Amino acid sequence: MKCEFLLALFFVGVLSCAGQEYSKADSFKISLIWPNSYCLTNDHDCRPSVPQYFTINGLWAVGSDGEVMENCKTGYYLTDKIITTNKVDLLKFWPDLSTYNFQDSKKLWKSQWETYGSCAADLMLAEGYISKAMNLRQSHNLYQILTNAGIVANGSSYKADRILTAIRKSTKFMVDIVCETDRVGNVYLSEVIQCLDNHGKEFVDCENKANNCDKDPIFPDPLFTSAAVKARRNASPMKRVTKIHA
Ligand SMILES: *[C@@H]1O[C@H](CO)[C@@H](O)[C@H](O)[C@H]1NC(C)=O
């Protein structure tokens with residue numbers, strides 16, 4: 001009797017261990033960034049000109065705990081061949097904003113696959129992951145949606161709720177947005193996150209949340225961006241000393 005009980009416990013143990021190893025995505029998220037905002041925050045070093053449309057930040061598998069899954073074990077790789085096949089799309093819609101160089105950009109795409117793509121590998125291989133991200137980005141023209149709603153990228157600020165509502169009305173699904181703050185306290189619209197079902201196929205509602213948008217975020221254009229970047233450079237200690245002497 002006792003032995004049978006222990007045996008049963010042993011099997012339960014084996015089953016639960018197997019369950020832990022086999023973790024599957026509960027949902028997916030695609031994050032798009034507004035390049036100007038990216039360049040204005042976190043002292044990101046950007047190339048002289050960046051796209052004036054939303055570009056891909058990441059395609060993420062989300063676990064049952066609601067957390068983005070990272071660094072899953074997979075035997076699949078994002079090879080140079082796959083990258084070269086998708087070169088035009090990747091450079092255009094998933095650019096490394098610090099460089100125009102294709103070779104240098106490969107690091108970004110490979111690390112994205114290893115960190116996030118690896119957790120989607122049971123559903124889509126690396127080719128599928130890239131084309132999935134491209135197709136999702138293409139399903140909605142967020143820049144146009146915002147412009148049509150009077151949310152123009154011209155350096156003005158807009159209520160976070162207004163941004164969420166404009167995108168929800170046009171795409172029919174709730175999204176989340178993320179704001180980022182620069183060193184002098186300006187808050188920018190930096191990311192739009194759209195949610196997908198457990199196959200990464202259909203859009204579903206996100207939480208309609210505005211993260212870190214403590215103030216109405218600025219939606220910056222290139223003019224605003226270059227002026228702010230210049231001001232940031234002038235504010236460095238070396239420059240300030242020069243100015244006093246001048
Ligand atoms: C930006 O565009 C909005 C909407 O057209 C307008 O209300 C606002 O005054 C503009 N801001 C600037 C700085 O031109």
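The values are calculated or read from the model by the stated rules, or taken from the named source; none is laboratory data. These numbers were taken from a predicted model, which means no experiment stands behind them. In this analysis, Cβ positions are derived from the backbone assuming ideal geometry, glycine residues included, and neighbour counts consider all displayed protein chains. Note: areas computed on protein heavy atoms with side chains; ligands, DNA, RNA excluded. Shrake-Rupley method; radii C 1.70, N 1.55, O 1.52, S 1.80 Å.
Brief remarks on what is shown
- In region 116-144, the residues that are open to solvent by less than 20 Å² (accessible area, probe 1.4 Å) and either more than 23 Å from E67 (Cβ to Cβ) or among the β-branched types (V, I, T) (or both): I130, M134, L142
- Residues (away from the ligand (no atom under 16 Å from the Cβ), open to solvent by 50 Å² or more (accessible area, probe 1.4 Å) and touching an Asp or Glu at 6+ places or on another chain (Cβ under 6 Å)) located in region 155-180: F173, M174
- Among the conditions (1) more than 17 Å from W34 (Cα to Cα); (2) without any contact (Cβ under 8 Å) to a residue 40 or more places away in the chain; (3) within 17 Å of the chain's Cα centre (by Cα), D176 misses just one, which is (1).
- Those residues of region 57-89 which are crowded, with 16+ Cβ neighbours inside 10 Å and aliphatic (A, V, I, L, M), in sequence order: L59, A61, V62, V68, M69, L78, I82, I83
Here is a yes/no grid of residues against (1) of a type in the set (D, E); (2) modelled with pLDDT under 95; (3) part of a helix (DSSP H, G or I):
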| position | (1), (2), (3) |
| --- | --- |
| V88 | no, no, yes |
| L97 | no, no, no |
| W109 | no, no, yes |
| Q112 | no, no, yes |
| M124 | no, yes, no |
| K132 | no, no, yes |
| Q144 | no, no, yes |
| C179 | no, no, no |
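- Tallying residues that are buried (at least 23 other Cβ atoms within 10 Å of the Cβ) and not polar (S, T, N, Q) within region 181-199 yields 4.
- Every residue from region 145-154 that is near the ligand (Cβ under 10 Å from one of its atoms) and buried (at least 18 other Cβ atoms within 10 Å of the Cβ): I151, A153
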